1. Quick check on G114: is it over 26 Å from F22 (Cα atoms) and either within 14 Å of the ligand (Cβ to nearest atom) or surrounded by fewer than 18 Cβ atoms within 10 Å (Cβ to Cβ) (or both)?
2. Kindly provide the set of residues from the range 80-112 that are over 21 Å from K47 (Cα atoms) and touching a helix residue (DSSP H, G or I) at 6+ places or on another chain (Cβ under 8 Å), ordered by number.
3. Out of V51, V79, V61, report the one residue that is more than 15 Å from the ligand (Cβ to nearest atom) and β-branched (V, I, T).
4. Return the residues of the range 88-111 that are surrounded by 18 or more Cβ atoms within 10 Å (Cβ to Cβ), within 11 Å of the ligand (Cβ to nearest atom) and not in a strand (DSSP E or B); say none if nothing qualifies.
5. Between a first residue in the range 49-65 that is within 23 Å of P98 (Cα to Cα) and assigned by TED's automatic domain parsing to the domain that holds S32 and a second residue that is assigned to a strand (DSSP E or B) and within 10 Å of the ligand (Cβ to nearest atom), which pairs have beta carbons less than 7 Å apart while being 6 or more apart in sequence or on different chains?
Amino acid sequence: MASMNLFAVLAIICIVIPRVAFATEYIVGDDSGWTIKFDYAAWAKDKEFRVGDKLVFAYPVGGHNVHKVNATGFKECIVPPESEALSSGNDVITLATPGNKWYLCGVGQHCTDGGQKLSIAVLPAFEETWQAPSPAPASPSSATGIATSRYQIFIVALITIAMAIIV
Ligand SMILES: [Cu+2]
């Protein structure tokens, strides 16, 4: 039966899709890229960063660089040794763990005077949230709720489309 095959495919999609489809690649600063005099706090404010997502820092090589720092380093623009900088001009950072992450540019006074620094809060990956059936982990429960409901909406939409194809 064709419809049975379709459901098998659908089941596989439901398992595989969350791992790939919800991994987002964020170009830091969007069209402005990684630069001075840009409000990265405003840029990050309405975005939802999750484990597995990627940050892309794009800038002219030599013009800027990227340092991962801690909260104090971020607040006070403490630049780590040059050797620890990412400097390819197209630095891709995969968010590997949940929690707060801080980045800054170590060139000249770009951090202190140019405000070239980014602070984000990374949430757990989608599959971690929707696979946990019973009591949610102690961490942000509201975020978990959002993640779950969004995934459910996605699945309902997928099934609706499948039903439409069958009928
Ligand atoms: Cu810079």
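The values are calculated or read from the model by the stated rules, or taken from the named source; none is laboratory data. Bear in mind that the values here come from a model prediction, so they are computed numbers and not experimental data. Cβ sites come from the backbone with ideal geometry, for glycine too, and all protein chains shown count toward neighbours.
1. yes
2. Those that are over 21 Å from K47 (Cα atoms) and touching a helix residue (DSSP H, G or I) at 6+ places or on another chain (Cβ under 8 Å): P80, G106.
3. That would be V51, the only listed residue that is more than 15 Å from the ligand (Cβ to nearest atom) and β-branched (V, I, T).
4. Scanning the range 88-111 gives C105, G106, V107, H110, C111.
5. Filtered contacts from the range 49-65: F57/V66.
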